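Laboratory data are not the source of any read-out in this text; all were calculated from the coordinates shown. Quick caveat: nothing in here was measured; it's all calculated off a predicted structure. Counting neighbours? That spans all protein chains shown, and the Cβs are built from the backbone with ideal geometry, glycine included.
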Amino acid sequence: MFKKFRRSWLLSNKHYLLPLFILLVLFDGVLALSGVFLALFVSLFNVLRARLPIDPGGNWEAETYVYKKIDDAELKFDVWRPKSSEWNNAVIIFAHGGGWISGYRNQPKNISWCRFLASKGFSVVSIDYRLALKYSMDDIIEDYSDAVSYIRNESTVLGLSSKNIILMGLSAGGHLALNFSAYHTSQANQAAMEGIRGVVAYYSPSDLKDLFSEDDKSIFARFGAGSAIKTLPQFDKAAYIKYSPIYKFTTNMIPVMAVHGRRDEIVPYSSSVKMIRRLKELKVPCRFLVHKTGGHGFEVRRKDYRTTKILEETAQFIKNLIQDDG
């Protein structure tokens, strides 16, 4: 009973702090503002120090490239290369999370991911894309598609494989990877899918309507989806179906690994359960890894054995997808 209450709408969004803040403002405005700044500092500190529990560390440096110029801005990606050539014939296109409204390719959490994957012998390309508030989901999807095309078309110049490509993303980034693959496989668009072997999606929504379900009480998730799609599902359900990968899955879908924490407070665990069930119905090769006590972004919050095992199994799943580049 307590666990259910602890994960309720009230606590998952910390609304219980609002009355305390109002009382502080009435009692001492300076103290209240100091508390706000302290909370922001702690939050920022936690974001900046977030790392995988098996971050290899060491002297890793990325090469930065521009893949697109639009609205007087440059969209970039970083290439992280393995020090060992054992699996150097594979490239992971990595998309950050952030609810389509925040995040960037080289924030510490994403750098930690890139170092870990490179330490396993993969080349990793961490991409940026435009963000909602100013831009739409169509713009974001267009950027993602342009990044994939650029990386594949310029693979020789970049020194990357064009035959063994894995699409991977966290949260919103995983949604983009799933959506790209589901759409183009459903359209039998072989040119767009050439060389792409599989998708890895960490705590990603497969049905965007799930972000407004009883299983999800996150204002952040709802705000992010609404900002990107520019409407809410109660006003335009079709728009949410349009951008949801699960409705595009066919028997042609490429292999998928989904990873989710059972106590995810941002993207409901049930969304991945539903996705895996649908993939199995279509007999699409898939793998589902679950952290029983993990929340959103558990891989940089949890330092336990299960987290480490999930990370290692993720790398092994990718290795199993690699085909002979000859």
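Between Asp146 and Lys274, the modelled label-to-label distance comes to 3.2 nm, taking each label 7 Å out from Cα in the direction of the beta carbon. Of the residues Val200, Ser119, Val157, the one whose Cα sits farthest towards the positive end of the charge dipole of segment 95-217 is Ser119 (charges of +1 on Lys and Arg Cβ, -1 on Asp and Glu Cβ, taken about the Cα centre). One Cα centroid belongs to segment 106-157, the other to segment 273-326; the line between them spans 19 Å. The magnitude of the dipole of segment 96-148, with charges of +1 and -1 set on the Cβ of Lys/Arg and Asp/Glu and taken from the Cα centre, is near 420 debye. Using the Karplus relation 6.51 cos²θ - 1.76 cosθ + 1.60 with θ = phi - 60°, the per-residue 3J(HN,Hα) values for segment 279-289 come to 5, 5, 4, 8, 6, 7, x, 8, 9, 10, 10 Hz, with x marking Gly and Pro. Taking 23 Å as the straight-line reach from the Cα of Lys209, the lysines in range (excluding those fewer than 8 positions away in the same chain) are Lys4, Lys14, Lys134, Lys217, Lys230, Lys237, Lys242, Lys248, Lys274, Lys280.
The simple spin-label model puts a point 7 Å past each Cα toward its Cβ; for Gln316 and Lys69 those points are separated by 4.7 nm. With contacts taken as Cα pairs under 8 Å and at least 6 residues apart, segment 60-321 reaches a relative contact order of 17 percent.
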